[in-house]
Amino acid sequence: MAHTPVTLTNARVVTPDGVHDGWLRVENGRVAALGSDAPSSGASPGEIRDLAGSWVVPGLVDTHIHGGAGHAFPEADPEGVREIVAFNRRHGVTSLVGGLVAATPEDTVRQVAALAELCDAGELAGIYLEGPFIARSKCGAHDPELLRDPDTVEFDRWLKAGRGHVRMVTVAPELPGALDLIGAAVSSGVVAAVGHTDAGYEQTLAAFDAGATVATHVYNAMRPLNHRDPGPIAAALNDGRVTLELIMDNVHVHPGAAALVFAAAGADRVSLVTDAMSATGLGDGEYTLGDLRVRVSGGEARLVENGAIASSTIVLPRAVRNAVEGLGVGVPEAVRSASSVPAAALGLAGAGRIEVGGHADLVVMSEGLTVSDVMYRGAWTA
């Protein structure tokens, strides 16, 4: 679809290499040019918008999200998924990996197949399976009755149902068969993540040596950091091969602990995620996550049954703002942690980057990092 060319002037553009002060031109859904001086007189006609110094950042990339706007990916309802995508897109998140939770083998295959259709349609960037190969002792908001040991035969069924769209799976390294599952994932081009685990330091390092490259929402649902039992947190912080997911909603992780992750790993290894659920965008009330009941109060989601934290209710730009305002992370670094870093961690080519020739997925943010406009594939969203 052809769109009117757009030139954004007086902008601070966050690119993979730094901040570009000047202008940006969009033509035919792609970034056509970047410049520092006044746009040339030979520029294509179309809309010219003076941003008066606002930020222009890449469309954000959420690689760990379970739902929003009253819908959840495990429901595998195409219209519901489209509403999750549209809601996030309006808020500046232009690439989503649909997150599933522990379910029966039959339901998991059905859900993967349904989400694969939406990946084929370009609505989703991939599929993420957070369960069922996780530890009962660290199951969080997953139904413990649905958890099982890693099984490469079941994993192969996911791959067939997903038709190349399964992007990541979380595994607890201490479970029987975990390292074999990690090896199978890596050899299939699927990212293996370590999470929902009670593994020790050495067990976690073995998982990284086997090919796991992501730590699932670091701190949460994993053995805590202890100076004589450093566990998976220290293993992930110390390993330069590993990208660390961080839920920056100031509920899942205290800002002091979040600051430690940025300081120890650096922003280029931190992937800001939401872990958001269906209640996102709707306010307080009672909802479900998988088959579990969740109560949201003051924006904080907890299981009704035992009070465990159950996902978040933020959209990704809030995580960026929390990192900048609460931790003092630079705007370009926080933006990259919510765009190019997660995209690279999951191999999402072209996502989360502003570069000439790339898709024009852009977010205009004020000085205070509130989203004022979103462009997807060269067209402004409503």
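The values are calculated or read from the model by the stated rules, or taken from the named source; none is laboratory data. Small disclaimer: the values here were computed from a predicted structure and weren't measured. Reconstructed Cβ throughout: ideal geometry from the backbone, glycine too, with neighbour counts over all protein chains shown.
Close Cβ contacts (under 6 Å, 6 or more residues apart or on different chains) running from residues in the range 194-208 that are outside the structural domain of Pro150 (by TED's automatic domain parsing) to residues that are part of a helix (DSSP H, G or I) are absent.
Out of curiosity, is Ala279 outside any loop (DSSP other than H, G, I, E, B) and either among the small types (Gly, Ala, Ser) or not assigned by TED's automatic domain parsing to the domain that holds Ile182 (or both)? No: the conditions fail for Ala279. Could you tell me whether the range 310-332 includes any residue that is touching a residue at least 12 places away in the same chain (Cβ under 8 Å) and touching a Lys or Arg at 6+ places or on another chain (Cβ under 7 Å)? Yes: one or more hits.
Working carefully through the options Leu246, Leu260, Leu272, find the one that is under 21 Å from the mean Cα position of the chain (by Cα), assigned by TED's automatic domain parsing to the domain that holds Ala215, at pLDDT 95 or above and part of a helix (DSSP H, G or I). Of Leu246, Leu260, Leu272, the one residue that is under 21 Å from the mean Cα position of the chain (by Cα), assigned by TED's automatic domain parsing to the domain that holds Ala215, at pLDDT 95 or above and part of a helix (DSSP H, G or I) is Leu260.
For the range 139-158, give me each residue that is crowded, with 18+ Cβ neighbours inside 10 Å and in a helix (DSSP H, G or I).
Pass one, the range 139-158, residues crowded, with 18+ Cβ neighbours inside 10 Å: 139-142, 146-147, 150, 155, 158.
Across the range 139-158, the qualifying residues are Leu146, Phe155, Trp158.
Determine, yes or no, whether Ala38 is assigned by TED's automatic domain parsing to the domain that holds Met365, surrounded by 14 or more Cβ atoms within 10 Å (Cβ to Cβ), at pLDDT below 95 and out of contact with any helix residue (DSSP H, G or I) (no Cβ under 7 Å at 6 or more places or on another chain). Answer is no for this residue.
Can you tell me which residue among Val296, Val364, Val371 is under 16 Å from Val61 (Cα atoms), crowded, with 19+ Cβ neighbours inside 10 Å and touching an Asp or Glu at 6+ places or on another chain (Cβ under 9 Å)?
On the way: Val296 fails: under 16 Å from Val61 (Cα atoms); Val371 fails: touching an Asp or Glu at 6+ places or on another chain (Cβ under 9 Å).
Of Val296, Val364, Val371, the one residue that is under 16 Å from Val61 (Cα atoms), crowded, with 19+ Cβ neighbours inside 10 Å and touching an Asp or Glu at 6+ places or on another chain (Cβ under 9 Å) is Val364.
Being closer than 23 Å to Phe73 by Cβ, surrounded by 18 or more Cβ atoms within 10 Å (Cβ to Cβ) and touching a residue at least 12 places away in the same chain (Cβ under 8 Å), is that true of even one residue in the range 227-243? Yes: one or more hits.
Within this structure, Glu47 fails the test of being surrounded by fewer than 17 Cβ atoms within 10 Å (Cβ to Cβ), under 27 Å from Tyr128 (Cβ atoms) and either of a type outside the set (A, V, I, L, M, F, W, C) or at pLDDT 95 or above (or both).
Exactly one residue among Thr9, Thr4 is of a type outside the set (Lys, Arg) and touching a Phe, Trp or Tyr at 6+ places or on another chain (Cβ under 8 Å), and that residue is Thr9.
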